1. Kindly establish whether residue 230 is surrounded by fewer than 17 Cβ atoms within 10 Å (Cβ to Cβ), more than 23 Å from residue 50 (Cβ to Cβ) and within 23 Å of the chain's Cα centre (by Cα).
2. Tell me which of these residue 358 doesn't satisfy, since it passes every other one: (1) buried (at least 16 other Cβ atoms within 10 Å of the Cβ); (2) at pLDDT below 95.
3. Among (1) surrounded by 12 or more Cβ atoms within 10 Å (Cβ to Cβ); (2) under 18 Å from the mean Cα position of the chain (by Cα), which single condition is residue 251 missing?
4. Just one of the numbered conditions (1) farther than 27 Å from residue 358 by Cβ; (2) at pLDDT 95 or above is not true of residue 322; which one?
5. Of (1) in contact (Cβ under 8 Å) with a residue 40 or more places away in the chain; (2) surrounded by fewer than 17 Cβ atoms within 10 Å (Cβ to Cβ); (3) in contact with a helix residue (DSSP H, G or I) (Cβ under 9 Å, 6 or more places away or on another chain); (4) under 21 Å from residue 164 (Cβ atoms), residue 281 satisfies all except one. Which?
6. Going residue by residue through region 302-320, is there one that turns out to be within 22 Å of the chain's Cα centre (by Cα) and loosely packed, with under 14 Cβ neighbours inside 10 Å?
7. Out of 268, 244, 249, which single residue is without any contact (Cβ under 8 Å) to a residue 12 or more places away in the chain and either touching a helix residue (DSSP H, G or I) at 6+ places or on another chain (Cβ under 9 Å) or not assigned by TED's automatic domain parsing to the domain that holds residue 30 (or both)?
8. Is one or more of the residues making up region 133-147 touching a helix residue (DSSP H, G or I) at 6+ places or on another chain (Cβ under 6 Å) and at pLDDT 95 or above?
(Lines give C-alpha, C1' and ligand atoms only; values in the text may rest on other atoms or scores of the structure.)
Protein backbone atom coordinates (compact mmCIF):
# COMPACT_ATOMS: atom_id res chain seq x y z
CA UNK A 1 0.00 0.00 0.00
CA UNK A 2 1.24 3.48 -0.81
CA UNK A 3 1.71 5.52 2.36
CA UNK A 4 1.36 8.95 0.76
CA UNK A 5 -1.42 10.81 2.62
CA UNK A 6 -3.50 11.47 -0.51
CA UNK A 7 -3.12 7.85 -1.62
CA UNK A 8 -4.27 6.52 1.77
CA UNK A 9 -7.23 8.89 1.75
CA UNK A 10 -8.16 7.73 -1.75
CA UNK A 11 -7.94 4.07 -0.71
CA UNK A 12 -10.29 4.58 2.23
CA UNK A 13 -12.69 6.87 0.35
CA UNK A 14 -12.82 4.49 -2.63
CA UNK A 15 -14.67 7.05 -4.80
CA UNK A 16 -17.73 6.66 -2.60
CA UNK A 17 -20.68 8.83 -3.61
CA UNK A 18 -21.48 10.97 -0.58
CA UNK A 19 -25.07 11.87 0.30
CA UNK A 20 -26.22 15.39 -0.53
CA UNK A 21 -27.33 15.74 3.07
CA UNK A 22 -24.76 16.18 5.85
CA UNK A 23 -24.85 16.20 9.65
CA UNK A 24 -23.84 19.47 11.32
CA UNK A 25 -22.94 19.61 15.02
CA UNK A 26 -22.31 22.56 17.34
CA UNK A 27 -20.31 21.27 20.30
CA UNK A 28 -19.46 24.20 22.51
CA UNK A 29 -17.64 26.65 20.25
CA UNK A 30 -16.60 23.90 17.80
CA UNK A 31 -18.53 23.42 14.54
CA UNK A 32 -18.30 19.99 12.89
CA UNK A 33 -19.68 18.53 9.66
CA UNK A 34 -20.05 14.81 8.97
CA UNK A 35 -20.55 13.57 5.43
CA UNK A 36 -21.20 9.95 4.53
CA UNK A 37 -22.25 7.68 1.68
CA UNK A 38 -25.03 6.16 3.81
CA UNK A 39 -28.28 7.94 4.66
CA UNK A 40 -28.96 5.22 7.24
CA UNK A 41 -25.73 6.01 9.05
CA UNK A 42 -26.42 9.76 8.97
CA UNK A 43 -29.95 9.26 10.32
CA UNK A 44 -28.69 7.10 13.17
CA UNK A 45 -25.99 9.57 14.13
CA UNK A 46 -28.43 12.47 13.88
CA UNK A 47 -30.54 10.76 16.52
CA UNK A 48 -27.54 10.00 18.73
CA UNK A 49 -26.20 13.57 18.62
CA UNK A 50 -29.67 15.17 18.76
CA UNK A 51 -28.80 17.61 21.55
CA UNK A 52 -25.91 19.16 19.56
CA UNK A 53 -27.33 18.97 15.99
CA UNK A 54 -27.27 22.38 14.30
CA UNK A 55 -28.26 24.06 11.06
CA UNK A 56 -25.97 24.23 8.04
CA UNK A 57 -22.85 26.27 8.88
CA UNK A 58 -19.21 26.66 7.98
CA UNK A 59 -17.41 23.84 9.85
CA UNK A 60 -14.17 23.99 11.82
CA UNK A 61 -13.77 20.24 11.31
CA UNK A 62 -14.82 18.00 8.39
CA UNK A 63 -15.29 14.26 8.89
CA UNK A 64 -16.16 11.65 6.25
CA UNK A 65 -17.58 8.19 7.03
CA UNK A 66 -17.50 5.60 4.25
CA UNK A 67 -19.77 2.59 4.68
CA UNK A 68 -18.05 -0.37 3.01
CA UNK A 69 -16.55 -3.77 3.72
CA UNK A 70 -13.44 -3.99 5.87
CA UNK A 71 -10.56 -2.46 3.91
CA UNK A 72 -7.66 -4.86 3.36
CA UNK A 73 -4.42 -2.90 3.67
CA UNK A 74 -1.08 -4.63 3.26
CA UNK A 75 0.88 -2.81 5.97
CA UNK A 76 2.39 -3.72 9.32
CA UNK A 77 0.54 -1.89 12.06
CA UNK A 78 2.03 -1.23 15.50
CA UNK A 79 -0.07 -2.16 18.53
CA UNK A 80 -0.96 0.84 20.68
CA UNK A 81 0.12 0.20 24.25
CA UNK A 82 -2.84 -0.07 26.62
CA UNK A 83 -3.04 1.91 29.85
CA UNK A 84 -2.30 0.20 33.20
CA UNK A 85 -5.15 -2.10 34.18
CA UNK A 86 -6.24 -2.67 30.57
CA UNK A 87 -5.45 -5.85 28.67
CA UNK A 88 -5.84 -7.17 25.13
CA UNK A 89 -5.26 -5.51 21.77
CA UNK A 90 -7.59 -2.64 20.93
CA UNK A 91 -5.90 -0.16 18.58
CA UNK A 92 -3.04 -0.44 16.09
CA UNK A 93 -1.52 2.40 14.11
CA UNK A 94 0.77 3.37 11.28
CA UNK A 95 2.33 6.82 11.12
CA UNK A 96 2.60 8.21 7.61
CA UNK A 97 3.84 11.60 6.41
CA UNK A 98 1.40 14.23 7.77
CA UNK A 99 -1.04 11.66 9.16
CA UNK A 100 -1.79 8.52 11.12
CA UNK A 101 -3.77 5.44 10.06
CA UNK A 102 -5.51 3.69 12.96
CA UNK A 103 -7.07 0.22 12.84
CA UNK A 104 -9.51 -1.14 15.38
CA UNK A 105 -8.20 -4.63 16.02
CA UNK A 106 -11.53 -6.28 16.84
CA UNK A 107 -13.64 -4.82 14.03
CA UNK A 108 -11.12 -3.97 11.31
CA UNK A 109 -12.46 -0.41 11.03
CA UNK A 110 -9.88 2.03 9.66
CA UNK A 111 -9.50 5.72 10.51
CA UNK A 112 -7.29 8.30 8.85
CA UNK A 113 -6.36 11.13 11.19
CA UNK A 114 -4.70 14.21 9.75
CA UNK A 115 -5.22 17.94 9.38
CA UNK A 116 -6.25 17.45 5.74
CA UNK A 117 -8.37 14.28 5.98
CA UNK A 118 -10.46 12.75 8.74
CA UNK A 119 -11.96 9.56 7.31
CA UNK A 120 -13.66 6.52 8.87
CA UNK A 121 -13.94 3.51 6.57
CA UNK A 122 -15.44 0.04 6.99
CA UNK A 123 -18.73 -1.37 8.32
CA UNK A 124 -19.71 1.99 9.84
CA UNK A 125 -23.37 1.09 10.37
CA UNK A 126 -22.54 -2.11 12.24
CA UNK A 127 -19.87 -0.39 14.31
CA UNK A 128 -21.46 3.05 14.54
CA UNK A 129 -20.15 3.48 18.09
CA UNK A 130 -16.63 3.61 16.66
CA UNK A 131 -17.73 6.33 14.24
CA UNK A 132 -19.21 8.21 17.21
CA UNK A 133 -15.90 7.87 19.03
CA UNK A 134 -14.04 9.15 15.96
CA UNK A 135 -16.28 12.22 15.79
CA UNK A 136 -15.73 12.83 19.49
CA UNK A 137 -11.98 12.35 19.02
CA UNK A 138 -11.99 15.38 16.70
CA UNK A 139 -13.69 17.52 19.33
CA UNK A 140 -11.28 16.21 21.99
CA UNK A 141 -8.36 17.20 19.75
CA UNK A 142 -9.92 20.63 19.31
CA UNK A 143 -10.21 21.05 23.10
CA UNK A 144 -6.72 19.80 23.93
CA UNK A 145 -5.15 22.01 21.27
CA UNK A 146 -6.73 24.88 23.23
CA UNK A 147 -5.18 23.79 26.55
CA UNK A 148 -8.09 21.80 27.97
CA UNK A 149 -6.80 18.89 30.09
CA UNK A 150 -8.31 15.43 29.63
CA UNK A 151 -9.53 13.49 32.70
CA UNK A 152 -10.86 9.94 33.00
CA UNK A 153 -14.04 10.94 34.80
CA UNK A 154 -17.79 11.30 34.67
CA UNK A 155 -19.28 14.71 35.50
CA UNK A 156 -22.65 16.05 36.60
CA UNK A 157 -24.19 19.38 37.59
CA UNK A 158 -26.02 19.96 40.88
CA UNK A 159 -27.34 23.32 42.05
CA UNK A 160 -25.42 25.05 39.28
CA UNK A 161 -22.06 23.52 40.22
CA UNK A 162 -20.22 20.76 38.42
CA UNK A 163 -18.68 17.77 40.12
CA UNK A 164 -16.63 14.94 38.68
CA UNK A 165 -16.42 11.24 39.55
CA UNK A 166 -13.30 9.19 38.92
CA UNK A 167 -12.34 5.65 39.83
CA UNK A 168 -10.20 2.82 38.65
CA UNK A 169 -11.61 0.63 35.87
CA UNK A 170 -14.64 -1.29 37.14
CA UNK A 171 -14.87 0.93 40.22
CA UNK A 172 -18.50 1.88 39.62
CA UNK A 173 -18.36 5.52 38.50
CA UNK A 174 -21.02 4.99 35.81
CA UNK A 175 -23.31 3.22 38.29
CA UNK A 176 -22.93 6.02 40.83
CA UNK A 177 -23.41 8.68 38.16
CA UNK A 178 -26.70 7.14 37.03
CA UNK A 179 -27.86 6.78 40.65
CA UNK A 180 -27.23 10.49 41.07
CA UNK A 181 -29.14 11.26 37.85
CA UNK A 182 -32.23 9.74 39.45
CA UNK A 183 -32.43 13.06 41.33
CA UNK A 184 -34.24 15.56 39.11
CA UNK A 185 -31.95 18.39 40.24
CA UNK A 186 -28.89 16.65 38.77
CA UNK A 187 -27.87 17.05 35.10
CA UNK A 188 -25.39 15.16 32.93
CA UNK A 189 -22.14 16.51 31.49
CA UNK A 190 -20.11 13.44 30.51
CA UNK A 191 -19.63 9.77 31.29
CA UNK A 192 -15.97 8.97 30.71
CA UNK A 193 -14.07 11.91 29.18
CA UNK A 194 -13.95 15.18 31.09
CA UNK A 195 -11.96 18.26 30.12
CA UNK A 196 -10.94 20.96 32.58
CA UNK A 197 -9.35 24.39 32.25
CA UNK A 198 -8.86 27.47 34.39
CA UNK A 199 -10.68 30.35 32.76
CA UNK A 200 -11.88 33.72 34.03
CA UNK A 201 -10.82 32.92 37.58
CA UNK A 202 -12.53 29.53 37.88
CA UNK A 203 -12.05 25.92 36.83
CA UNK A 204 -14.42 24.96 34.03
CA UNK A 205 -15.60 21.45 33.19
CA UNK A 206 -16.56 20.42 29.65
CA UNK A 207 -17.90 17.09 28.43
CA UNK A 208 -18.15 15.40 25.05
CA UNK A 209 -21.42 14.45 23.34
CA UNK A 210 -21.25 10.76 24.14
CA UNK A 211 -24.00 8.91 25.96
CA UNK A 212 -23.17 6.70 28.93
CA UNK A 213 -22.27 3.14 27.88
CA UNK A 214 -22.92 0.77 30.73
CA UNK A 215 -22.72 -2.90 31.59
CA UNK A 216 -25.59 -5.16 32.75
CA UNK A 217 -24.47 -4.97 36.38
CA UNK A 218 -25.39 -1.27 36.35
CA UNK A 219 -28.76 -1.89 34.69
CA UNK A 220 -30.31 -4.79 36.57
CA UNK A 221 -30.57 -3.05 39.95
CA UNK A 222 -31.75 0.35 38.66
CA UNK A 223 -35.54 0.42 37.95
CA UNK A 224 -35.19 3.37 35.59
CA UNK A 225 -32.70 1.47 33.41
CA UNK A 226 -34.22 -2.00 33.52
CA UNK A 227 -36.24 -1.51 30.28
CA UNK A 228 -32.89 -1.60 28.44
CA UNK A 229 -32.80 -5.38 29.05
CA UNK A 230 -35.51 -7.96 28.37
CA UNK A 231 -37.07 -9.36 31.60
CA UNK A 232 -35.88 -12.91 30.87
CA UNK A 233 -32.35 -11.66 30.27
CA UNK A 234 -32.47 -9.66 33.50
CA UNK A 235 -33.58 -12.72 35.47
CA UNK A 236 -30.67 -14.76 34.10
CA UNK A 237 -28.24 -11.97 34.94
CA UNK A 238 -29.50 -11.71 38.51
CA UNK A 239 -28.87 -15.45 38.88
CA UNK A 240 -25.14 -14.93 38.24
CA UNK A 241 -22.69 -14.78 41.15
CA UNK A 242 -22.39 -11.09 42.16
CA UNK A 243 -18.71 -10.87 41.26
CA UNK A 244 -19.34 -12.33 37.79
CA UNK A 245 -22.20 -9.88 37.19
CA UNK A 246 -20.01 -6.99 38.38
CA UNK A 247 -17.28 -7.88 35.85
CA UNK A 248 -19.56 -8.73 32.88
CA UNK A 249 -18.81 -6.56 29.80
CA UNK A 250 -21.80 -6.01 27.47
CA UNK A 251 -22.33 -2.36 26.64
CA UNK A 252 -25.68 -0.56 26.42
CA UNK A 253 -26.19 3.12 25.52
CA UNK A 254 -28.25 5.22 27.93
CA UNK A 255 -30.24 7.93 26.13
CA UNK A 256 -30.11 10.50 28.93
CA UNK A 257 -32.87 12.80 27.71
CA UNK A 258 -35.23 9.94 26.88
CA UNK A 259 -34.80 8.22 30.24
CA UNK A 260 -34.22 11.19 32.56
CA UNK A 261 -36.02 14.02 30.75
CA UNK A 262 -35.41 16.76 28.20
CA UNK A 263 -32.81 19.36 29.06
CA UNK A 264 -30.83 17.06 31.35
CA UNK A 265 -27.59 17.37 29.34
CA UNK A 266 -25.26 20.32 30.03
CA UNK A 267 -22.13 20.97 27.95
CA UNK A 268 -20.14 23.07 30.43
CA UNK A 269 -20.19 24.10 34.11
CA UNK A 270 -17.88 25.45 36.82
CA UNK A 271 -16.11 22.54 38.52
CA UNK A 272 -16.65 22.57 42.28
CA UNK A 273 -15.63 19.09 43.46
CA UNK A 274 -13.92 15.88 42.36
CA UNK A 275 -14.96 12.57 43.91
CA UNK A 276 -12.53 9.64 43.63
CA UNK A 277 -13.94 6.15 44.22
CA UNK A 278 -11.29 4.24 46.14
CA UNK A 279 -13.70 1.80 47.75
CA UNK A 280 -13.74 -1.98 47.62
CA UNK A 281 -16.75 -4.04 46.70
CA UNK A 282 -16.00 -6.78 49.25
CA UNK A 283 -14.81 -4.51 52.04
CA UNK A 284 -16.44 -4.88 55.45
CA UNK A 285 -15.47 -1.36 56.47
CA UNK A 286 -18.29 1.19 56.46
CA UNK A 287 -18.49 3.74 53.67
CA UNK A 288 -16.48 6.88 54.41
CA UNK A 289 -16.36 10.13 52.46
CA UNK A 290 -13.28 12.19 53.28
CA UNK A 291 -11.81 15.43 51.95
CA UNK A 292 -8.22 14.90 50.83
CA UNK A 293 -5.25 16.95 49.68
CA UNK A 294 -4.46 15.65 46.21
CA UNK A 295 -0.88 16.96 46.35
CA UNK A 296 -0.16 14.65 49.29
CA UNK A 297 -2.25 11.79 47.89
CA UNK A 298 -0.73 11.44 44.43
CA UNK A 299 -1.75 7.78 44.42
CA UNK A 300 -5.26 9.01 43.62
CA UNK A 301 -4.10 10.87 40.51
CA UNK A 302 -3.88 7.59 38.59
CA UNK A 303 -7.68 7.40 38.63
CA UNK A 304 -7.98 10.91 37.16
CA UNK A 305 -5.24 11.14 34.53
CA UNK A 306 -6.14 9.98 31.03
CA UNK A 307 -4.02 9.36 27.95
CA UNK A 308 -5.14 11.42 24.91
CA UNK A 309 -4.85 8.19 22.89
CA UNK A 310 -3.78 7.35 19.32
CA UNK A 311 -6.07 9.89 17.64
CA UNK A 312 -4.57 12.91 19.37
CA UNK A 313 -2.81 15.27 17.00
CA UNK A 314 -1.02 18.29 18.44
CA UNK A 315 -1.53 21.77 17.03
CA UNK A 316 1.79 21.44 15.18
CA UNK A 317 0.36 18.32 13.40
CA UNK A 318 2.62 15.85 15.24
CA UNK A 319 1.01 12.91 17.04
CA UNK A 320 0.84 11.77 20.65
CA UNK A 321 2.91 8.66 21.38
CA UNK A 322 1.91 5.80 23.68
CA UNK A 323 5.10 6.09 25.75
CA UNK A 324 4.51 9.76 26.63
CA UNK A 325 4.51 9.99 30.45
CA UNK A 326 1.80 11.72 32.44
CA UNK A 327 2.64 15.12 33.91
CA UNK A 328 1.22 14.93 37.44
CA UNK A 329 1.98 18.58 38.17
CA UNK A 330 -0.19 19.73 35.28
CA UNK A 331 -3.17 17.92 36.84
CA UNK A 332 -2.40 19.25 40.32
CA UNK A 333 -2.22 22.80 38.97
CA UNK A 334 -5.45 22.41 36.99
CA UNK A 335 -7.33 21.07 40.02
CA UNK A 336 -6.00 23.65 42.45
CA UNK A 337 -9.06 25.18 44.11
CA UNK A 338 -11.32 22.16 43.46
CA UNK A 339 -12.48 20.20 46.52
CA UNK A 340 -11.22 16.60 46.32
CA UNK A 341 -13.06 13.76 48.06
CA UNK A 342 -12.16 10.11 48.48
CA UNK A 343 -14.82 7.44 48.97
CA UNK A 344 -13.37 4.45 50.82
CA UNK A 345 -14.57 1.41 52.64
CA UNK A 346 -17.49 -0.58 51.27
CA UNK A 347 -18.95 0.15 47.81
CA UNK A 348 -22.36 1.55 48.76
CA UNK A 349 -23.98 3.41 45.85
CA UNK A 350 -27.19 4.42 47.62
CA UNK A 351 -25.33 5.54 50.72
CA UNK A 352 -22.76 7.59 48.81
CA UNK A 353 -25.44 9.22 46.65
CA UNK A 354 -27.12 10.74 49.69
CA UNK A 355 -23.92 11.63 51.54
CA UNK A 356 -22.28 13.27 48.55
CA UNK A 357 -25.31 15.33 47.54
CA UNK A 358 -25.55 16.55 51.15
CA UNK A 359 -21.87 17.52 51.01
CA UNK A 360 -22.37 19.33 47.69
CA UNK A 361 -25.37 21.21 49.13
CA UNK A 362 -23.16 22.45 51.95
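The values are calculated or read from the model by the stated rules, or taken from the named source; none is laboratory data. These numbers were taken from a predicted model, which means no experiment stands behind them. Cβ atoms come from the backbone with ideal geometry, glycine included; neighbour counts cover every protein chain shown.
1. Numbers: surrounded by fewer than 17 Cβ atoms within 10 Å (Cβ to Cβ): yes; more than 23 Å from residue 50 (Cβ to Cβ): yes; within 23 Å of the chain's Cα centre (by Cα): no.
No, not satisfied.
2. For residue 358, the exception is condition (1).
3. Result: residue 251 passes all but (1).
4. Of the numbered conditions (1) farther than 27 Å from residue 358 by Cβ; (2) at pLDDT 95 or above, the odd one out for residue 322 is (2).
5. Looking at each condition in turn, residue 281 falls short on (4).
6. Initial filter on region 302-320 (within 22 Å of the chain's Cα centre (by Cα)): 302-315, 319-320.
With loosely packed, with under 14 Cβ neighbours inside 10 Å added as a condition, the list becomes 314-315.
Yes, region 302-320 contains a residue that is within 22 Å of the chain's Cα centre (by Cα) and loosely packed, with under 14 Cβ neighbours inside 10 Å.
7. Details: 268 fails: without any contact (Cβ under 8 Å) to a residue 12 or more places away in the chain; 249 fails: without any contact (Cβ under 8 Å) to a residue 12 or more places away in the chain.
Just a single option satisfies the conditions, and that option is 244.
8. First pass over region 133-147, keeping only residues touching a helix residue (DSSP H, G or I) at 6+ places or on another chain (Cβ under 6 Å): none.
The answer is no, given that none of the residues of region 133-147 is touching a helix residue (DSSP H, G or I) at 6+ places or on another chain (Cβ under 6 Å) and at pLDDT 95 or above.
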